[in-house]
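Worksheet: one structure, shown below.
Just so it is clear, none of the values below were taken in a lab; they were calculated from the coordinates. Since the model is a prediction, treat every value here as computed from it, not as a measurement. In this analysis, Cβ positions are derived from the backbone assuming ideal geometry, glycine residues included, and neighbour counts consider all displayed protein chains.
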Amino acid sequence: MKLLTQQLKEQISKDYPLYSQDGKAEDAVCVAKMFLANWTWYIMEGNFEDDDFIMYGIVINGISNEYGYVSLRDLESINIKGFEVERDLYFEKRPLKDIDNKQLQTFLRNLYSKAI
């Protein structure tokens, strides 16, 4: 599955390039959501790099949740017994704090309550 259209990649890199949301914490805007089984990627930023698209966001997987970078090419290459990463086509961009996911909200609360 093509996770991001060319138009969406261009929009993300224009409006939310890498490092553009530094310091926004839970007010950072999530622009895309991708998933496979109990893994969910909340994408906040992205840039074209050579012939790939590098994204930054949060991955929630039930074991360890973390901020990090991920290559679009790598996500598109995942195939586990016929299952592939999919993009939530109904997801609308919104601040992280407004996403209805208990694991994500617990991760954010634990991370940012320590920073105070």
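For the chain, what size does the Cα cloud have along each of its three principal axes, sorted from largest down, in whole Å?
39, 34, 24
Could you rank the peptides 12-25, 33-46 by their average count of other C-beta atoms within 10 Å per residue, with the highest value first? Intermediate values should be presented prior to the final figure.
Values: 12-25: 14.7, 33-46: 19.7.
Answer by packing, highest mean first, reads 33-46, 12-25.
Across the stretch 19-112, how many lysine pairs, 8 or more positions apart or on different chains, have C-alpha atoms separated by under 19 Å? Please give the number.
Within the stretch 19-112, the lysine pair count is 7.
State, as an integer percentage, the relative contact order of the stretch 6-114 based on alpha-carbon contacts under 8 Å between residues 6 or more apart.
Worked out over the stretch 6-114, it gives 26 percent.
Taking the Cα centre of the stretch 1-110 as the origin, how large is its charge dipole in debye, to the nearest 20, when only Lys and Arg (+1) and Asp and Glu (-1) carry charge on their Cβ atoms?
Around 360 debye, computed over the stretch 1-110.
Between LYS14 and ASP27, what length comes free when the chain is fully extended (0.36 nm per residue of separation minus the Cα-Cα distance, one decimal in nm)?
Length gained between LYS14 and ASP27: 2.8 nm.
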